[in-house]
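Participant: Here you go, one structure.
Computed from the coordinates by the stated procedures, all read-outs in this text should not be read as laboratory data. Owing to the predicted nature of the structure, the values given are computational and were not obtained by experimental measurement. We place every Cβ from the backbone using ideal geometry, glycine too, and count neighbours over all the protein chains shown.
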Amino acid sequence: MRRERQGWVFCVLMAVAQVALAGSCPAWSPVQAKQELAALHDRLDRWNHDYRVNGQSAVDDAVYDQSLARFAQWSRCFPEQAPPMPRHLADASGTVRAPVAQTGLAKLPDAKALAAWMRARGNRDLWVQPKADGVAVTLVYVGGRLQQAISRGDGVHGSDWTTKAMRIAAIPKQLPHAPARVILQGEIYWRLPDHVQSRDGGVNARSAVAGALARAVLDDATAAHIGLFVWDWPNGPADMPARLAGMRRMGLGDSADYTHPATSIDEVERWRTQWYRHPMPFAADGTVVRQGHRPPGPQWEPAPPAWAVAWKYPAAQALAEVRAVDFTLGRTGRITPVLELVPVQLGDHRVQRVGVGSLRRWRELDIRPGDQVEIALAGLTIPRLQAVVWRTAQRAPVEVPDPHAHDVATCWQVAPDCRRQFLARLEWLGSRQGLQFSGVGTATWQALIDAGKVRHLLDWLALTPEQLASVPGIGA
């Protein structure tokens, strides 16, 4: 995938933020708003610099996109305090002018939006491709020989990658049966044999190839890990079937084979699922739908065109804002910090809480309300805290339980400072690890405690059916 970090992305995200995040402006003073926006702006600039110049990705791409969307939302909420748009490509332009602009792609949020886009084009002459997760390149061939390789840069000017391209076996040095001049656009990716996107995720493949190409010298061993997916031929034939046939004649059949006709959203979803759940030679973070007929290459601009869009796969990571920090007390006295989050969608799951693990880890991370954290799904179902993405400028106080006040020998009965540990003991007692009570959970034990029926660990043994029936929430 290409990180399309330019002004057009900001505009798209502004529109998305206005729809998806309407009415969710932070309750900040102008002073705090200025602090928070400036801090996020600087962080985005650092991430962009690391990615474009050093070939390092400090955060997952989905987290970057969500952070940029957060900046767009906050800028809408506080326009007077907002700094200028982050300089997405300030360090990336290079000095070599590309013969055809790299356009980038607008990202549609779901199948409904893509279906509407397809209907607006009559569901005709549309083609679907995997959205390879690598770095974009322009290749120029003259007389069938590779003459130039240019990085994406700012879409108009890029870096000269010709010397490095000559060391990459996957990039053809000669094209048989080629016209006099051929311009190809594609993705340089990190080879991942039998990669299953739904199972493996992105596995930092983009960072690996970006880092390799950022080095002064590309060694042979690293070059052998790099592949090429050609996704367009800007100066090729006007219609897609002719372009694909020409690519096959030039020995680019492996790339052409990933482009399929799609006359309905169902066909797009079929290929999308195929590429998501079955082995591929590269990581892909979504699908691309293109019109076969589009303007000739010289008319392209470094902005998302009307004739191609992307539909990304569900993010494997999500950016979430911390609402509050809670602490649970276990039966042995162990304190576990839990983050209450502004709800976020992660795959098929709506996540509102995530555990930190231990009190020591929470202290090391120093997570406070207002901080932004990265979460992922462990085993596809359990939310897991990955990292603190950034911290709010104003640190809210958090009341932390005394870790020395409780241990394995405390709280065998109800007491002012023992309600949580005592309840945890009862929960464990009735669980699968204990006596395996059917239908007895936290709410039942809490009701018995609130009604004064259980004050010691074994009081429930003496309760009569009549006493149980008198407890609100238990009796009829």
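Participant: Run the count for the chain, please: Lys pairs, Cα-Cα under 20 angstrom, 8 or more apart or on different chains. Walk me through the intermediate numbers first.
Facilitator: Details: 107/131; 107/312; 112/131; 112/312; 131/312; 164/173.
For the chain, qualifying lysine pairs total 6.
Participant: What length, rounded to one decimal in nm, is gained on full extension from residue 415 through to residue 199, with 0.36 nm per residue of separation minus their alpha-carbon distance?
Facilitator: Values: separation 216, 0.36 × 216 = 77.76 nm, distance 4.79 nm.
Length gained, residue 415 through residue 199: 73.0 nm.
Participant: Also, I was wondering about something else. How do the peptides 367-373, 25-31, 36-42 rank, highest first, by the average count of neighbouring beta carbon atoms within 10 Å per residue? Mind dumping the intermediate values first?
Facilitator: On the way: 367-373: 19.9, 25-31: 12.0, 36-42: 17.7.
With the highest mean Cβ count within 10 Å placed first, the list reads 367-373, 36-42, 25-31.
Participant: Among 403-414, 152-163, how do they line up by average Cβ neighbours within 10 Å per residue, starting with the highest?
Facilitator: Numbers: 403-414: 13.8, 152-163: 19.5.
In descending order of packing, they fall as 152-163, 403-414.
Participant: Which GluC sites (Glu not before Pro) in region 327-425 pass both tests, a DSSP loop state and at most 14 other beta-carbon atoms within 10 Å? List each step's numbers first, then the result.
Facilitator: On the way: sites: 340, 364, 374, 399; in loops: 399.
Counting only loop positions with at most 14 other Cβ atoms within 10 Å, the GluC sites (Glu not before Pro) in region 327-425 are 399.
Participant: Match the structure shown to one of the listed values (1) 64, 52, 45; (2) 65, 56, 44; (3) 93, 47, 46 of Cα extents along the principal axes in Å, computed from it, and give that label.
Facilitator: Among (1) 64, 52, 45; (2) 65, 56, 44; (3) 93, 47, 46, the one calculated here is (3).
Participant: Give me the one-decimal nm value for the distance between modelled label points at residue 384 and residue 468, 7 Å along each residue's Cα-to-Cβ direction.
Facilitator: Inter-label distance under the simple model: 4.0 nm.
Participant: If you wrap a convex hull around the Cα atoms of region 359-401, how much volume per residue is inside, in Å³? Numbers along the way, then the final one.
Facilitator: Details: hull volume 3.7 nm³, N = 43.
Given the Cα convex hull of region 359-401, per-residue volume reads 86 Å³.
Participant: Quick one: angle between helix 205-214 and the longest Cα principal axis of the chain, in degrees between 0 and 90, rounded to 10, please.
Facilitator: Roughly 50 degrees, rounded to the nearest 10.
Participant: Pulled fully out, how much extra length does the chain show between residue 35 and residue 395, if you take 0.36 nm times their separation in residues and subtract their Cα-Cα distance? Display every interim value, and only then the final one.
Facilitator: Details: separation 360, 0.36 × 360 = 129.60 nm, distance 1.23 nm.
Full extension of this stretch gives 128.4 nm more.
Participant: Restricting to the chain, compute how many DSSP beta bridges are antiparallel as a %, nearest 5. Working shown, then result.
Facilitator: Numbers: 64 of 67 bridges.
Close to 95 percent.
Participant: How far apart, in nm, are the 7 Å Cα→Cβ label points at residue 358 and residue 235?
Facilitator: Once both label points are built, they end up 6.2 nm from each other.
Participant: Within the set of other residues whose C-beta is less than 14 Å from the C-beta of residue 333, count the net charge using Lys and Arg as +1 and Asp and Glu as -1.
Facilitator: Combined, the nearby Lys, Arg, Asp and Glu give +2.
Participant: Only Lys, Arg, Asp and Glu count, each charged at its Cβ (+1, +1, -1, -1), so figure out the dipole size of the chain about its Cα centre, rounded to 20 debye. Mind showing how you got there, number by number?
Facilitator: Working: 54 positive and 45 negative charges, 157 e Å.
The calculation lands at about 760 debye.
Participant: What does the highest-first list of 423-429, 327-333 look like by mean Cβ count within 10 Å?
Facilitator: Values: 423-429: 19.1, 327-333: 17.1.
Going by the mean number of other Cβ atoms within 10 Å, highest first, we get 423-429, 327-333.
Participant: With everything on Cα atoms, drop me the angle between helix 240-249 and the longest principal axis of the chain, reported from 0 to 90° to the nearest 10.
Facilitator: Once rounded, one gets 70 degrees.
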